[in-house]
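Asker: Just dropping this structure here.
The values are calculated or read from the model by the stated rules, or taken from the named source; none is laboratory data. Every value quoted in this text rests on a predicted model; they were computed, and no experiment measured them. FYI the Cβ positions are ideal-geometry reconstructions off the backbone, even for glycines, and counts take in every protein chain you see. The protein model used for the area step is the full one, side chains on, heavy atoms only, and it has no ligands, DNA or RNA in it. Shrake-Rupley method; radii C 1.70, N 1.55, O 1.52, S 1.80 Å.
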Amino acid sequence: MPTDAKTDLPLAEAKPRSNGGSPLLLLIGILISEIWTQERPGNAASWTSKSRYRELVPGLYALLTAGSMSSECLGNLMRITLNAEYFKNKYLSFSVVDQSGIAWELDEAMASKCGYTVTYSNWSDIEFRASALSCHSHLEKDVFIVTIQIKASHTPAMQNATTHLKSASCHYDPWSPRELVCESNYMEVSVRREVPQTVKDFIQDELEDWTFSFPETKADEASIWQIVFHQPEEKKALLVSDAWSAGYGLNTTDTRVVLRVPYTAAQIQLIKDQGITFSAVRSSTFYKQRWMILMVDTAVACPIDDVEYTNKTIIWTVPKYIQPLSAGATSFKDVLVEAGVDLHKLSAKEMASRKYVFLNDLNTITMKIPIGAKGGYYKTSVSSGRHGAKYAINLFLEHQWEDNKWGLTRRTIIKKIETPFEQVELTIANNSNLSARLMNVTVGTFLPDVELVNLTIEGATVAVPEAVQHGYLTYEIRHANGSKAYVIQVLLDAPSIKKEYMSADMRSYTLNVTLAFIIRPTSETFAVPVITVSAVKDAVLPSARGFCDGRNIHLVIIHGNVDKNWLPFISDWRLTPEAAQKYNYGLKDNGTHLTISVPFLSSHVSYEDFHTSGIKASLHLTLKDGITLANRKDFSISCRFSPSELIQCLPNGTVVVTAVKWVGVEDLDTSLFVLRDRRCKPSLVTEKTATFKFNVNTCGTSRKFNSTTMTYENDVLYFGPGNDTPVYQLKFVCWYAIKQIVDVQYESKKNPPPSVKPWFGSLDLSMKIFKEKSYSESYQESEYPVVKYLKEALYFEVELLQPKDVRLELNLDDCWATKSQSQDSLLQWPIIKNGCENHEDSYRTVFHEVNYSLRVKFPLHLKRFEVRMFTFVQGTTLLEEQLYFHCSVVICSTVQQPSSLLCPRRCNPGKHRLGEYNSFRQTLSKNYLVS
């Protein structure tokens, strides 16, 4: 048995690593990244690392505290386990310290040739395993001692690293003549050195004779000379230094010869035995011992394709006696067959409790493990971007047998098994708190090796700590079994939440975010799209109010919170600003109100009936979804307009009449409308109107006389094809006072005094601004807009120009100012209300008496008032824009008793109302303010 730990590598220099190669660098905890482990031949080893934490004091040596690391003796292997929690968020590098105190930094090549393995175990812990015959272990009789140095740093460059030392020892006895180890990253065979005893009185060759024969060897030292690989096509011999450079590990003790072969070695052969593939190397090692050169068979073989998956069961089969391990032997006998998990042996009772099946047949050893059984664990995996899991279990097998060549052979196989990928559907639970207007989504459950790293929000990818700046709060929920879930919280009103109107008072809120995860330590990534919809009763639909003046229909739509992208349509015609301008429609949107104004005589207005009280005209408007064009909200406004809007009876005997197409007879062609004389065609045609212009003495017009008036009548007609009975008839009449007709001859008898009748005839009105209180000089059209300072006086005069009838009186009804030319502008201020000054005004309107003069023949036809200049204010800002002034007036009779409450005026008294012209407006340009 060995009595010292001398590592005998005379032809292969072994020096502490400083340059070349990559050290075994690990990041523990939630940042563990691609810890190197080689599980089968051909596996690539990769090492990547990341850092984001503070630095530690450099050069500090510390013994690892209790709980941070543990060691175990497992036959001819030692295991040191690092607690990942202790080294959380740190990068680690490993070195092995020899007897001289020299630290040999490990990389992949050195680990496999020297007998070291570093693996990641069951989500959290790091395992360091060392062979009893590893390069730098110290052997004292049957005890081997291993000392490792661990550097921990917060940076991958290992800056300011803290250094930790750990030494552990294990007893191993007895040694078998041949020991085989199948580790995850190397195969190892150690063979007892047979040393012949010295024959008494035998005269030894002189030293110079041996040196002359083998000049490569060293005198008086036991040393390996060379290794010969036996391959089917040839034998290849390598000196120890060349074999070491090629990745092989060769060394000797006083009693044993050791060969260690990485699974990636060039001389490996793949052989099959009983359907199982083995990675094998057949070799002979030659070494000098005293006065002779000895040859040792150092063949080694390990199974690599020995697992099947059937009916949710792992089946691991290992042949007992295979070539080349049994070459030259003819008889075999099992001495011991044991198996277990994580290098711990299990009894038959323990296996049965876990529902393992262990079979030891004549030629094979078989283990059957139910997938998911105790002893293994699930790990997260990704396939084609899909999230899934694999079941992993670390099995091992120890088989000892005797044959008539080697005597006792002990074989230890360490086998990490992973089942094939199985997709796992993730649960996405919507636990939103709608009363708090908070979307709350739970994603999971995940295994402990998964970590959320970033979110993709509206196409932008942000790290988890930065997501809060976008309104996203994320946190992790850990369960008792180690699994976890992630919770995403975001307010309903966050910009990235899509809001969409559903129906009635319901709106849908859609969260659409993609979560990106990383798996530790493999650094595989996968993404989980999270799309959840919540329905909330918070929809505010747009509402509307409408009104009509003498010639226009106005519709004011008050926006809700769902119609941001809704579009106004009249029938199937979209009302765009360009289209509104083309048809002379009004269309304004100030963000809170959408105002639409359509002339009474318009192709988009529907005419429903005709009565002596007026024409009923309707405007129908639909708001449609801006994407799907689905109808969302309908509005309709109907007004009655005076029939006089359709007819103009001019004093020179010209008549202009407009016929409209009624609802229900839309198939009529307005271009085919005619008068009684069918040769009289319309001079202007639209889709819904036909306008005629003719003289009262033409087109079949009839007339009637009485003592005061002449009446002219005609009809607008529409005839169906081949039919002399009209399907449409509109009768219209013009009345002329006899004294006003100058081009119609008639004989007049003594008539009673004329009487004024309401609603008939034409009125001519004007509104002017005068320069002084004397009302002697008014501003001309070319002088508008009039420029005034704040609080300066404006002198207004409203006059009835025609008819010049002493029996009529003009009274002011309402006067107001607006910021825009539209009399219905939402921003306006009353100057006169119901004929009186506005009592809410700091500078009240002043009325001025009108007396007879050379210019004023009918004082009752005029009203004068004075207004102090002002401007509109928004917040604290003066709106320095033009002001427009408007007035509505009432014309009353001075001889008849009042038939309406509109004529008696408290502030500018009047008599009897004759007619109301609510739509009369004199628009003045805004006064530029100089303040």
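Asker: Quickly run through region 509-542 and pick out the residues that are in contact with a His (Cβ under 6 Å, 6 or more places away or on another chain) and of a type in the set (A, V, I, L, M, F, W, C). Quick ask: steps written out before the conclusion?
Answerer: Step one: list which residues in region 509-542 are in contact with a His (Cβ under 6 Å, 6 or more places away or on another chain), which gives 526, 542.
If the condition is that a residue be in contact with a His (Cβ under 6 Å, 6 or more places away or on another chain) and of a type in the set (A, V, I, L, M, F, W, C), then Phe526 is the only one that fits.
Asker: In region 855-909, what count of residues is obtained for those that are assigned to a loop (DSSP other than H, G, I, E, B), modelled with pLDDT under 85 and of a type outside the set (Asp, Glu)? Steps first, answer last, please.
Answerer: So in region 855-909, the residues assigned to a loop (DSSP other than H, G, I, E, B) come out as 855-858, 869-872, 875-876, 879-883, 894-909.
Within this subset, residues satisfying the condition of being modelled with pLDDT under 85 are 870-872, 875-876, 879-882, 894-909.
From the residues that got through so far, the ones that are of a type outside the set (Asp, Glu) too are 870-872, 875-876, 879, 882, 894-909.
Residues that pass the stated criteria total 23.
Asker: Considering region 404-425 alone, what residues qualify as being part of a loop (DSSP other than H, G, I, E, B), touching a strand residue (DSSP E or B) at 6+ places or on another chain (Cβ under 7 Å) and closer than 30 Å to Ser326 by Cα? Please lay out each step first, then the result.
Answerer: First pass over region 404-425, keeping only residues part of a loop (DSSP other than H, G, I, E, B): 404-406, 419-421, 424-425.
Imposing the further condition that a residue be touching a strand residue (DSSP E or B) at 6+ places or on another chain (Cβ under 7 Å) reduces the set to 406, 419-421, 424.
Result: Trp406, single match.
Asker: Can Asn695 be described as touching a Leu at 6+ places or on another chain (Cβ under 7 Å), at pLDDT 85 or above and either open to solvent by 40 Å² or more (accessible area, probe 1.4 Å) or not acidic (Asp, Glu) (or both)? Walk me through it before giving the result.
Answerer: On the way: touching a Leu at 6+ places or on another chain (Cβ under 7 Å): no; at pLDDT 85 or above: yes; either open to solvent by 40 Å² or more (accessible area, probe 1.4 Å) or not acidic (Asp, Glu) (or both): yes.
So Asn695 fails the test.
Asker: Does Arg520 meet the test of being in contact with a strand residue (DSSP E or B) (Cβ under 9 Å, 6 or more places away or on another chain), surrounded by fewer than 15 Cβ atoms within 10 Å (Cβ to Cβ), farther than 30 Å from Thr592 by Cβ and of a type in the set (Lys, Arg)?
Answerer: no
Asker: Further, regarding this structure: Say whether the condition of being open to solvent by less than 10 Å² (accessible area, probe 1.4 Å) and assigned to a strand (DSSP E or B) is met by at least one residue in region 80-90.
Answerer: Taking every residue of region 80-90 in turn, at least one turns out to be open to solvent by less than 10 Å² (accessible area, probe 1.4 Å) and assigned to a strand (DSSP E or B).
Asker: Hey, Leu672 hits all of (1) of a type in the set (A, V, I, L, M, F, W, C); (2) touching a Gly at 6+ places or on another chain (Cβ under 6 Å); (3) open to solvent by 30 Å² or more (accessible area, probe 1.4 Å) but one; which does it fall short on?
Answerer: Of the numbered conditions (1) of a type in the set (A, V, I, L, M, F, W, C); (2) touching a Gly at 6+ places or on another chain (Cβ under 6 Å); (3) open to solvent by 30 Å² or more (accessible area, probe 1.4 Å), the odd one out for Leu672 is (2).
Asker: Out of (1) assigned to a loop (DSSP other than H, G, I, E, B); (2) within 59 Å of the chain's Cα centre (by Cα); (3) at pLDDT 90 or above, what's the single condition that is false for Pro682?
Answerer: Only one criterion is unmet by Pro682, namely (2).
Asker: Output the number of the condition that Tyr843 fails; it satisfies all remaining conditions of (1) hydroxyl-bearing (Ser, Thr, Tyr); (2) out of contact with any Lys or Arg (no Cβ under 6 Å at 6 or more places or on another chain); (3) not in a strand (DSSP E or B).
Answerer: Among (1) hydroxyl-bearing (Ser, Thr, Tyr); (2) out of contact with any Lys or Arg (no Cβ under 6 Å at 6 or more places or on another chain); (3) not in a strand (DSSP E or B), the lone unmet condition for Tyr843 is (2).
Asker: While we're looking at this one, here's another question. Check whether at least one residue in region 618-636 is under 23 Å from Leu763 (Cα atoms) and open to solvent by 50 Å² or more (accessible area, probe 1.4 Å), and report yes or no.
Answerer: Taking region 618-636 first, the residues under 23 Å from Leu763 (Cα atoms) are none.
For region 618-636, residues under 23 Å from Leu763 (Cα atoms) and open to solvent by 50 Å² or more (accessible area, probe 1.4 Å): absent.
Asker: Among the residues of region 698-732, write down those that are loosely packed, with under 15 Cβ neighbours inside 10 Å and aliphatic (A, V, I, L, M).
Answerer: The one that is loosely packed, with under 15 Cβ neighbours inside 10 Å and aliphatic (A, V, I, L, M): Val727.
Asker: Still on this model: Taking only region 547-576 into account, find how many residues are under 26 Å from Glu500 (Cβ atoms) and open to solvent by less than 40 Å² (accessible area, probe 1.4 Å).
Answerer: Of the residues in that region, 13 qualify.
Asker: Then there is this: Are any residues in region 142-156 of a type outside the set (Val, Ile, Thr) and part of a loop (DSSP other than H, G, I, E, B), and if so, which ones? It would help to see each step written out before you state the result.
Answerer: Going through region 142-156, the residues of a type outside the set (Val, Ile, Thr) turn out to be 142, 144, 149, 151-154, 156.
Residues satisfying the conditions are Asp142, His154, Pro156.
Asker: If you don't mind, another one. Conditions first: (1) in contact (Cβ under 8 Å) with a residue 24 or more places away in the chain; (2) under 28 Å from Ser644 (Cβ atoms). Trp573 passes all but one, so which condition is the exception?
Answerer: Among (1) in contact (Cβ under 8 Å) with a residue 24 or more places away in the chain; (2) under 28 Å from Ser644 (Cβ atoms), the lone unmet condition for Trp573 is (2).
Asker: While we're looking at this one, here's another question. Go through region 612-659 and count every residue that is touching a strand residue (DSSP E or B) at 6+ places or on another chain (Cβ under 9 Å), more than 30 Å from Trp566 (Cβ to Cβ) and either among the hydroxyl-bearing types (Ser, Thr, Tyr) or in a strand (DSSP E or B) (or both). Please lay out each step first, then the result.
Answerer: Taking region 612-659 first, the residues touching a strand residue (DSSP E or B) at 6+ places or on another chain (Cβ under 9 Å) are 613-626, 629-643, 645-659.
In the following step, the residues that additionally are more than 30 Å from Trp566 (Cβ to Cβ) were identified as 613-615, 642-643, 645-659.
Next, from what is left, pick out any that are either among the hydroxyl-bearing types (Ser, Thr, Tyr) or in a strand (DSSP E or B) (or both): 613-615, 642, 647-649, 654-659.
Number of matching residues: 13.
Asker: Taking into account only those residues within region 495-517 that are free of Cβ contacts under 8 Å to residues at least 40 places away in the same chain and not in a strand (DSSP E or B), which is surrounded by the most Cβ atoms within 10 Å (Cβ to Cβ)?
Answerer: Selected residue: Ser496.
Asker: While we're here: Name the one entry in Lys320, Lys288 that is touching a His at 6+ places or on another chain (Cβ under 7 Å) and open to solvent by less than 30 Å² (accessible area, probe 1.4 Å).
Answerer: Numbers: Lys288 fails: touching a His at 6+ places or on another chain (Cβ under 7 Å).
Exactly one residue qualifies, and that residue is Lys320.
Asker: May I ask you to list pairs of residues, at least six apart or on different chains, whose Cβ atoms are under 7 Å apart, with the first in region 336-354 being on the phi > 0 side of the Ramachandran plot and in a loop (DSSP other than H, G, I, E, B) and the second being of a type in the set (D, E, K, R) and modelled with pLDDT under 95?
Answerer: That search, which allows pairs on different chains as well, returns Leu343/Arg79.
Asker: Out of all the residues in region 333-347, which are surrounded by fewer than 13 Cβ atoms within 10 Å (Cβ to Cβ) and within 55 Å of the chain's Cα centre (by Cα)?
Answerer: Residues satisfying the conditions are His344, Ser347.
Asker: OK, next. May I ask you to list pairs of residues, at least six apart or on different chains, whose Cβ atoms are under 9 Å apart, with the first in region 551-564 being assigned to a strand (DSSP E or B) and the second being of a type in the set (D, E, K, R) and open to solvent by less than 50 Å² (accessible area, probe 1.4 Å)?
Answerer: Pairs that qualify, where the first residue is assigned to a strand (DSSP E or B) and the partner is of a type in the set (D, E, K, R) and open to solvent by less than 50 Å² (accessible area, probe 1.4 Å), are Asn552/Asp824; His554/Asp824; Val556/Asp824; Ile557/Asp563.
Asker: Hey, Thr514 hits all of (1) within 30 Å of Val118 (Cα to Cα); (2) touching a Pro at 6+ places or on another chain (Cβ under 8 Å); (3) among the β-branched types (Val, Ile, Thr) but one; which does it fall short on?
Answerer: (1)
Asker: Would you be able to say whether some residue in region 471-489 is touching a Leu at 6+ places or on another chain (Cβ under 8 Å), closer than 20 Å to Ile531 by Cβ and open to solvent by 60 Å² or more (accessible area, probe 1.4 Å)?
Answerer: Within region 471-489, not a single residue is touching a Leu at 6+ places or on another chain (Cβ under 8 Å), closer than 20 Å to Ile531 by Cβ and open to solvent by 60 Å² or more (accessible area, probe 1.4 Å).
Asker: Those residues that are under 17 Å from Val556 (Cα atoms), open to solvent by 30 Å² or more (accessible area, probe 1.4 Å) and not in a strand (DSSP E or B), I need them from region 592-603; list them, please.
Answerer: Passing the criteria: only Thr592.
Results for (1) under 20 Å from Ile518 (Cβ atoms); (2) of a type in the set (A, V, I, L, M, F, W, C); (3) at pLDDT below 95, shown as yes or no for each residue.
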site: Gln423; (1), (2), (3): yes, no, yes
site: Leu426; (1), (2), (3): yes, yes, yes
site: Asn433; (1), (2), (3): no, no, yes
site: Val443; (1), (2), (3): yes, yes, no
site: Val450; (1), (2), (3): yes, yes, yes
site: Asn454; (1), (2), (3): yes, no, no
site: Gln469; (1), (2), (3): no, no, yes
site: Asn481; (1), (2), (3): no, no, yes
site: Ile488; (1), (2), (3): yes, yes, no
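Asker: Additional query: Tell me which strands (runs of 3 or more DSSP E) are completely within region 233-273 and hold 1 or more residues being loosely packed, with under 15 Cβ neighbours inside 10 Å, or say none if there are none. Before the answer, list the steps.
Answerer: Details: elements: 235-239, 249-252, 256-262, 269-273.
Result: 235-239, 269-273.
Asker: Go through (1) out of contact with any Gly (no Cβ under 9 Å at 6 or more places or on another chain); (2) surrounded by 18 or more Cβ atoms within 10 Å (Cβ to Cβ) for Asp813 and report which single condition fails.
Answerer: (1)
Asker: Turning to a different aspect of this structure: Hey, Leu812 hits all of (1) at pLDDT below 85; (2) within 26 Å of His554 (Cα to Cα) but one; which does it fall short on?
Answerer: Of the numbered conditions (1) at pLDDT below 85; (2) within 26 Å of His554 (Cα to Cα), the odd one out for Leu812 is (1).
Asker: Something else: Which residue out of Ala436, Ala429 is free of Cβ contacts under 8 Å to residues at least 12 places away in the same chain and small (Gly, Ala, Ser)? First the steps, then the outcome.
Answerer: Working: Ala429 fails: free of Cβ contacts under 8 Å to residues at least 12 places away in the same chain.
The match here is Ala436.
Asker: Find the residue count for region 650-668, including only residues that are within 60 Å of the chain's Cα centre (by Cα) and in contact (Cβ under 8 Å) with a residue 24 or more places away in the chain. Steps first, please.
Answerer: Restricting attention to region 650-668, the residues satisfying the condition of being within 60 Å of the chain's Cα centre (by Cα) are 658-668.
Filter once more, so that each one left must be in contact (Cβ under 8 Å) with a residue 24 or more places away in the chain: 658-663, 665, 668.
Qualifying residue count for the region: 8.
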